[in-house]
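Every number in this text was worked out from the coordinates using simple rules, so none of it is lab data. None of these values were measured; they are calculated from a predicted model. Counting neighbours? That spans all protein chains shown, and the Cβs are built from the backbone with ideal geometry, glycine included.
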Amino acid sequence: MTSASILDVTRLTAAEIAASVATGRATPTEIVEAYIERVQAVEDMVHAWSHLDIEGARATAAELTNEAAAGKLRGPLHGVPFGIKDEFHVAGMPTYFADPEGRPQPVDATPIAKLREAGAIILGKTHMPIDGKTPPTRNPWNLNYTAGGTSSGSGAGVAARMVPIALGEQTHGSNLRPAAYCGLAALKPTFGRISRFGCYQFSWSHDHVGLIGLTMEDIALALSVIAGPDPLDPTTLKELTPPADLGLGSVRPPCVGVVRNFFPERTQPVMQDAIDRAAAKMREGGATVTDVLLPEDFGAIWPVHHVVGGAEASTFHARKDFESGTGRVALRDRVTSVLPASYYLQAQRIRGLLWQKTQRMFESVDALLMGAAPAAAPEGLATTGDGSLLVPWSCLGYPAITLNGGLSPQGLPLGLQMVGVPLAEHSLLQTGAWCEQVLGRLPAPPLG
Amino acid sequence: MRLHPEVTQDEAYNWLKQQVVQDGTPDELEKELEPVLRQTAEAMAVISRFVLPDDLEPMFP
């Protein structure tokens, strides 16, 4: 395959790949070989992967190619390569975050099992920052900048076009932050929308499986496959899975609330300008755009997240830390493990009150607009940036997506965040797709 | 540690430190714990002073 045709394939969206395979214009083998060549061309620069299963991907692609040739498609993702954040168990692959020795896991996490049933090709596990032991993932827009975290490899892998779509996860800001820093579409859904079975746990009531891709259409397609109730995860919602079709031909301009008191002290002028420019473009495109305010006491969300998440994390880690024999306990776990139960319960009561108060904001708007981060990705690789602006929606369990806010003066993506009402992923993604038409999408970064 | 009457950040900090920093805790670890102690104490103070209706139940998603 020529360099030009490799790049052509790797610039396709997941939906375009699925359509190409379904109509016979491309085979899964051709698709996966293009991505393997792309990985070989740029991975040494980006460090997006903790484990690549090239031969496994080729074998799966060969099976899918034969099936497609016989007129049989497994599902709507037949032939689409996926990256999987390392914290998810994938049968036959290591989960380094859970087991540094890298022993192959015996069973697929539920989202991975569903992806395989739908015909997806698992290319490998994407890198998470683990105690600085492995080379940090670099931002494909500028290799001297962080790609964000902890879904670092998923964000960078999609941005560098090594896969069209990837699974991530968010407890604080770990799915939307890499997407924002790398200029991509992403979804953190309503809590419980996607099963967490087989995913390493950080905080039982804050962990959300997420998606990072190129378009809202891709996100909706993948969500329609992996969402839904799972008897292996009792927190999964019983509600119907959102459909893949966003009905883009009939989406009306939305009512958008620009949240003017969403922690301006944490939002740098460059991000505030990006929010204002996006709001103006939405208004020009026919949206109703108004200024809205969060409840006065909304700032309590961070103490709530710290206490609830900290208590849950220290409880989950207690046995693992003891059995490791190293005596190492995370600093936060040492402190939050002594929190009185009354503080955990009171924090959960405050959480419920803020959930109710915030829901009332959607009586007049379809979605809330704000920054996904204080600014673009920071320079340097020592940290993965600031996820604090994403924490409120991880704590309340509201669905949130990233939008294109343009580029910073340094040429790094400025990611905006749009939040919807719980269980309304479909309309939030429709609104996101409408915004994509108005705001445009960033091109692939100039990498390799 | 009580919830009511509300606790100050300093009260929460001192209580947390008593629980976590024991005789024999290395000095370096004690220094590393300091920001987490401060952050957690601040969180406890905010939660302690938050006024809630009596009939509000905890939210368990």
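Looking only at the stretch A:171-189, residues that are over 23 Å from A:Ala15 (Cα atoms) and either in contact with a Cys (Cβ under 7 Å, 6 or more places away or on another chain) or within 14 Å of chain B (Cβ to nearest Cβ) (or both) come to 2 in all.
Of the set (1) among the acidic types (Asp, Glu); (2) surrounded by 24 or more Cβ atoms within 10 Å (Cβ to Cβ); (3) over 24 Å from A:Gln40 (Cα atoms), all apply to A:Glu87 but (3). Please work out which residue is nearest to the chain's Cα centre (by Cα), limiting yourself to the stretch A:329-351 and to residues that are surrounded by 17 or more Cβ atoms within 10 Å (Cβ to Cβ), more than 7 Å from chain B (Cβ to nearest Cβ) and assigned to a helix (DSSP H, G or I). Out of the qualifying residues, it is A:Asp333. Taking the stretch A:278-311 on its own, how many of its residues are within 11 Å of chain B (Cβ to nearest Cβ) and buried (at least 16 other Cβ atoms within 10 Å of the Cβ)? So the count comes out to 12. Among the residues of the stretch B:32-61, write down those that are in a loop (DSSP other than H, G, I, E, B) and either at positive phi or not aliphatic (A, V, I, L, M) (or both). Scanning the stretch B:32-61 gives B:Phe50, B:Pro53, B:Asp54, B:Asp55, B:Glu57, B:Pro58, B:Phe60, B:Pro61. Looking at A:Gly406, A:Gly411, just one residue is away from chain B (no Cβ under 14 Å), in a loop (DSSP other than H, G, I, E, B) and at positive phi, and that residue is A:Gly411.
For (1) closer than 28 Å to A:Trp355 by Cβ; (2) buried (at least 16 other Cβ atoms within 10 Å of the Cβ); (3) more than 7 Å from chain A (Cβ to nearest Cβ), each residue gets a yes or a no:
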site	(1), (2), (3)
B:Ala12	yes, yes, yes
B:Trp15	no, yes, yes
B:Val20	no, yes, no
B:Glu28	no, no, yes
B:Glu32	no, no, no
B:Ser48	yes, yes, yes
B:Pro53	yes, no, yes
B:Met59	yes, yes, no
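Of the numbered criteria (1) crowded, with 24+ Cβ neighbours inside 10 Å; (2) of a type outside the set (Gly, Ala, Ser); (3) assigned to a loop (DSSP other than H, G, I, E, B), the one A:Pro135 fails is (1).
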